[in-house]
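Below: the structure, in structure tokens.
The values are calculated or read from the model by the stated rules, or taken from the named source; none is laboratory data. Computed from a predicted model, the values in this text were never measured in an experiment. Cβ coordinates were reconstructed from backbone atoms using ideal geometry, including for glycine residues, and neighbour counts include every protein chain displayed.
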Amino acid sequence: MAIDSPPPRTGDRPYKVGAGDIAVYVRRRITGGELLNGERLPPERAFAEQFGVSRGTVRDALRRLEEAGFVEKRPGSGTYVAYSEVETASIARSTSPLELIDTRFALEPQIVRLAVLNATERALAKAERALDVMERSEDDPDAFAVGDETFHLALSECTRNAMLVWITERVSEVRNNAEWARMRQLTLSRAMIRRYNAQHREVFESVRRRDAERAARAMRAHLDLARKSLVDAASS
């Protein structure tokens, strides 16, 4: 099996591929079903040549993948995919909306701080396009939900941190489970969508103005409102 294309770049300017970039790229190939459980990965030398990095960088990437449970090293044989989609899908299905909000509280205020430091104009433009979709969708909860997911993923891409992008993608998977969809139908009234849009706009403008603390406060306020709406819906 060969890896036939380089890992994706982030932002406008080329930069040196690191272990994190390779690890996230291989994870995506695994979780997307292109690399199957039990399949042997290329040797370190082939990875190094493909991505233009040292073998030490490749070893670091493989170590990260092994620690995360995506691959296993077999002495004298090589490195093999050791990932079961069933477990990941099970976590996505079993995570409650409130557990998801708590996870986002731990993650997204720091994401916007890093976005302030690292966002390119191209990445900001992607986030703003998603914001425009949400602001046109006050009467369409499904369209709003799609824009919302895209917006938060775009903010993670603004960090230029491949690991944070990958984690945000896993959060998005949980947001698509049945329980979250049910709660979304209960909470996304026109008035609530309008309030969320105002908060999203505040987050975005704070990032664009490079005000890290204001962006983090705005994100926490947004997640506070989301949590309150979920609690209210669950108790009604």
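Structure notes:
- All conditions in (1) closer than 17 Å to Met163 by Cβ; (2) assigned by TED's automatic domain parsing to the domain that holds Gln185; (3) of a type in the set (Lys, Arg) hold for Arg122, with the sole exception of (1).
For every residue, the table says whether it meets (1) within 22 Å of the chain's Cα centre (by Cα); (2) assigned to a strand (DSSP E or B); (3) under 14 Å from Arg27 (Cα atoms); (4) hydrophobic (A, V, I, L, M, F, W, C).
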position	(1), (2), (3), (4)
Phe47	no, no, no, yes
Val53	no, no, no, yes
Gly56	no, no, no, no
Arg63	yes, no, yes, no
Gly69	yes, no, yes, no
Glu72	no, yes, yes, no
Tyr80	no, yes, yes, no
Tyr83	yes, no, yes, no
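- Sole residue being modelled with pLDDT of 95 or more and in contact with a Cys (Cβ under 9 Å, 6 or more places away or on another chain), chosen from Ala123, Ala198, Ala119: Ala119
- Pair list, Cβ under 6 Å, 6 or more apart: segment 191-202 residue within 13 Å of Pro141 (Cα to Cα), other residue in a helix (DSSP H, G or I) and not aliphatic (A, V, I, L, M): Ile193/Phe144; Asn197/Glu135
- Just so you know, in segment 101-115 the residues that are buried (at least 21 other Cβ atoms within 10 Å of the Cβ) and hydrophobic (A, V, I, L, M, F, W, C) include one that is nearest to Thr159 (Cα to Cα), and it is Ala115.
- If you go through segment 151-166 and keep only what is without any contact (Cβ under 8 Å) to a residue 60 or more places away in the chain and over 16 Å from Val207 (Cα atoms), you end up with just Leu164.
- Filtered residues of segment 33-51 (kept if of a type in the set (Asp, Glu) and touching a helix residue (DSSP H, G or I) at 6+ places or on another chain (Cβ under 6 Å)): Glu44
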